[in-house]
1. Please list, in chain and number order, the residues 5+ apart from residue 194 or on another chain whose amide H is under 5 Å from its amide H, with Hs placed from the backbone.
2. Assign unit charges at the C-beta atoms only (+1 for Lys and Arg, -1 for Asp and Glu), then state the dipole size of the chain relative to its Cα centre in Debye, rounded to the nearest 20.
3. Could you work out [θ]222 nm for the chain from helices alone, using -39500 (n - 2.57) per DSSP H run of at least four and dividing by all its residues? Round to the nearest 500 deg cm²/dmol.
4. Using a Gaussian network model on the chain with a 10 Å cutoff between Cα atoms, which of 182, 84, 69 fluctuates the most?
5. So which lysines pass the test for residue 65, namely a Cα distance under 19 Å, with those fewer than 8 places away in the same chain ruled out?
6. What residue among 11, 139, 81 shows peak mean-square fluctuation when the chain is described by a Gaussian network model with Cα springs under 10 Å?
7. Name the most mobile residue of 32, 128, 188, meaning the one with the largest mean-square fluctuation, in a Gaussian network model of the chain with Cα contacts below 10 Å.
8. What's the extension gain from residue 118 to residue 9 if we count 0.36 nm per residue and subtract their Cα-Cα distance?
Amino acid sequence: MSNAQDRLESIRGRIEAAHQRFGAPPDVVHLVAVSKTFDSAAVRPFLAAGQRVFGENRVQEAKAKWSELRADYPDVDLHLIGPLQSNKAREAVAVFDVIETVDREKLAAVLAEEMALAQKVLPVFVQVNIGEEPQKAGIAPAEAVAFVERCQHVHGLNVVGLMCIPPDGVPPGPYFAQLKTLADRAGVTQLSMGMSGDFEIAIAMGATHVRVGSALFGARPRHTTE
Ligand SMILES: *Cc1c(COP(=O)(O)O)cnc(C)c1O
C-alpha cells in the first residue's frame with residue numbers, strides 16, 4: 001500500500017492530466033481531500049505531504065478532529081460537504097471555512113445570521129439535487145438559479161458556486177454538464193463535482209473542485225458514505 005505522499009502525487013497527476021487533456025477552464029482544479037471517518041492520525045500524513053484543503057460531512061466529527069489538527073496546521077481550508085441542519089449552523093460557521101451544502105431558504109437565512117454574529121463571510125456553494133432523487137439533499141435544478149439569487153440578494157451570502165452528487169450507477173457526465181449550465185446561468189464560477197470514481201469526467205465538464213476520499217485514504221465502511 002502506497003503512502004500519503006504517493007497517493008497525493010498520483011491523484012494530483014491525474015487531475016493535472018485531465019485538466020490539460022480537456023483544455024477546459026478553470027485555471028486551477030482544487031483537490032478537496034475527503035477525510036470523513038478517518039481519524040486525525042490517518043489525516044496527518046496528508047498534511048505533512050502538503051495537502052491543505054479537506055472535506056468533512058459531519059459537524060461534530062469535524063469539530064473534534066480539526067480542532068486538534070488546526071493547532072499544528074492553521075492554514076487548512078476545511079469544507080463542509082454533508083447536509084447541514086439549521087440548529088448546527090453556528091458550530092458549522094465556527095469549524096468550517098467553506099460551506100458547500102446550502103440547499104434551502106431556512107438554512108441560508110440561519111447561516112447568514114450566524115456569519116454576521118461571528119463576523120465572518122464564508123464562501124458557500126449551493127448544493128443542487130441534480131438527479132432529482134428523493135433521498136438526496138439539494139435544491140431542485142429548476143429552482144437553483146432563483147435560489148442562488150435569493151441567497152445573494154435576500155440573505156447576503158457569498159455564493160461562489162454550485163455543488164452536486166449525481167445519481168449512482170449511471171454515467172455522470174450529463175449531470176456534470178447540467179450543473180455547469182446552471183452555474184453559468186446563475187453567474188457563479190465554481191463547480192464542486194466529481195469524486196474518486198469520476199473526477200476526471202467532472203474536470204472535463206468544468207469542475208473547479210473535486211472531492212476525493214477513498215482514492216486517497218482507502219475504503220470506508222459502506223454505511224458512512226452517504
Ligand atoms: C464521501 C464523499 C465524497 C468522497 O467520495 P469518494 O468516492 O470516497 O471519493 C465526495 N463528496 C461527498 C459529498 C461525500 O460525502
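Nothing in this text is a laboratory measurement; each read-out follows from the coordinates by a stated rule. The structure presented is a predicted model; accordingly, all values stated were derived computationally and were not measured. No Cβ is skipped: glycine too gets one built from the backbone with ideal geometry, and neighbour counts run over all protein chains shown.
1. 211
2. For this selection, approximately 220 debye.
3. After summing the helix terms and dividing by the residues of the chain, the value is -13500 deg cm²/dmol.
4. 69
5. 36, 88
6. Checking each option, the largest mean-square fluctuation is seen for 11.
7. The residue with the greatest mean-square fluctuation here is 188.
8. Length gained, residue 118 through residue 9: 35.6 nm.
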